[in-house]
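Take a look at the structure set out below.
Each reported figure results from applying straightforward, stated rules to the coordinates on display, with no laboratory input. Remember, predicted model here, so these are calculated numbers, not experimental data. Here the Cβ positions follow ideal geometry from the backbone for every residue, glycine too, while neighbour counts run over all protein chains shown.
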Amino acid sequence: MRINCPHCGERSLDEFSYLGDAVVRPDPASPNAQDAFYAYGYERANVAGPMQELWYHAAGCHAWLVVTRDTRTHEISEVKSAQEVALARQKVAGTAQ
Amino acid sequence: MSELANDIKKASLEASERTGLTVTHIAARRGARASLDDVARTAFGVSLPSSPKAVEAQGALIVWTGPDQWLIVQKDETGLDHYAELAKTFNGLASLVDVTDSRTIFRIAVSRPSETLLRSMGIDFHDNSFRPGDVAITHVSHLGVIVWRLPDGTAYDFACARTYSRDFADWLRKTMA
């Protein structure tokens, strides 16, 4: 498997570390934070199909990436910088408020 | 440590350790990238690269080392403290670390890079793929390296952690055997 790092270009899997599901971490200040963190920590979805995952380019540019990978075929359809994804989410959250 | 690479000389490859350099790592502070670029343009006459490239300017080589991070490699000059000058130039816009003593830089002049350097690396060193001024951050035999091709295309510089420089030299020697 090869991952197309948006900063470095296409690189071999051995340069990356896998963290897991790229779901958004719950807000610790929210009223249901305890339940939300329990679900975040233990109730992970076991997706058969495209899934957004966090990968770290450990032996490369040290950037965190959000990779959309089909768990059945390992086909990667999209790779984005995690920073960009987080900023976009913040923008959407800001607009919604 | 200069004995590390001096004996590595083959028909197609010649390696030496670069000395007499000041190497500074800089990382843009949050939200300061645009201002940092303005200051860099004034100081060096070029923009800081946003992609894996190395640019030469005012006697310094600016090497991209990740998003919003660079290495600035400068030749030592008597009576001039490059790091202090850079700290003054980029004050408040970037975090700076003098990594001169924690990095060893090997210069590798090679006539057939795609045949020789590829043996243990996952980077395509073909002339059409890794062009003059290109940079890659990768590993060789589990040793992290930053490699750049000199903007004039004549050689490749490999920067590795000084702690692993002997292992890197061993790798090079064995790869070339």
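Compactness ratio for the protein assembly as shown: Cα radius of gyration over 2.2 N^0.38 Å (N = residue count) comes to 1.15. Computing FRET efficiency as 1/(1 + (r/R0)^6) for A:Tyr56 and B:Ala34, where r is the C-beta to C-beta distance and R0 is 35 Å, gives about 0.85. Net charge of the neighbourhood of A:Asn4, taken over other residues with C-beta under 9 Å away and scored Lys/Arg +1, Asp/Glu -1, is +1.
Listing A:Glu43, B:Glu77 from fewest to most neighbouring C-beta atoms within 10 Å gives A:Glu43, B:Glu77. For region B:21-101, the Cα-based Rg and Dmax, in that order, read 11.5, 35 Å.
Across chain B, C-alpha contacts under 8 Å between residues 6 or more apart give a mean separation that, scaled by the residue count, equals a relative contact order of 24 percent.
Within 10 Å of the Cβ of each residue in B:134-141, the mean number of Cβ atoms contributed by other protein chains is 4. Close amide-amide hydrogen proximity is noted between A:Ala63 and A:His57, each under 5 Å apart and 5 or more residues distant or on a separate chain (H modeled in the peptide plane; Pro and chain starts excluded).
The order of A:His62, B:His25, B:His126, going from fewest to most other C-beta atoms within 10 Å of their C-beta, is B:His126, A:His62, B:His25.
For the protein assembly as shown, the 222 nm mean residue ellipticity estimated from helices alone, with every DSSP H stretch of n ≥ 4 adding -39500 (n - 2.57) and the total spread over all residues, rounds to -7000 deg cm²/dmol.
Think of each Lys and Arg Cβ as +1 and each Asp and Glu Cβ as -1; about the Cα centre, that makes the dipole of region A:2-96 roughly 140 debye.
In chain A the longest region clear of trypsin sites (Lys or Arg not before Pro) that are loop-assigned by DSSP and have at most 16 other C-beta atoms within 10 Å covers A:1-43.
Put in order of Cβ neighbour count within 10 Å, fewest first, the listed residues B:Tyr156, A:Tyr18 become A:Tyr18, B:Tyr156. The charge dipole of region B:21-101, taken about its Cα centre with unit charges on the Cβ atoms of Lys, Arg (+1), Asp and Glu (-1) only, comes to about 360 debye. Pick out, from A:Ala29, A:Pro50, A:Val67, the residue whose Cα sits farthest towards the positive end of the charge dipole of region A:2-96, with +1 on the Cβ of Lys and Arg and -1 on the Cβ of Asp and Glu. Farthest towards the positive pole: A:Ala29. Look at the stretch A:57-63: the mean tally of other chain Cβ atoms within 10 Å of its residues' Cβ atoms is 6. Counting only other chain Cβ atoms within 10 Å of each residue's Cβ, the peptide B:48-57 averages 1. Here the label points at A:Ala93 and B:Ser51, each 7 Å from Cα along the C-beta direction, are separated by 3.2 nm in the simple model. For chain A, relative contact order (Cα pairs under 8 Å, six or more residues apart, normalised by length) works out to 25 percent. Scoring B:96-103, B:68-75 by mean Cβ neighbours within 10 Å over their residues and listing the highest first yields B:68-75, B:96-103.
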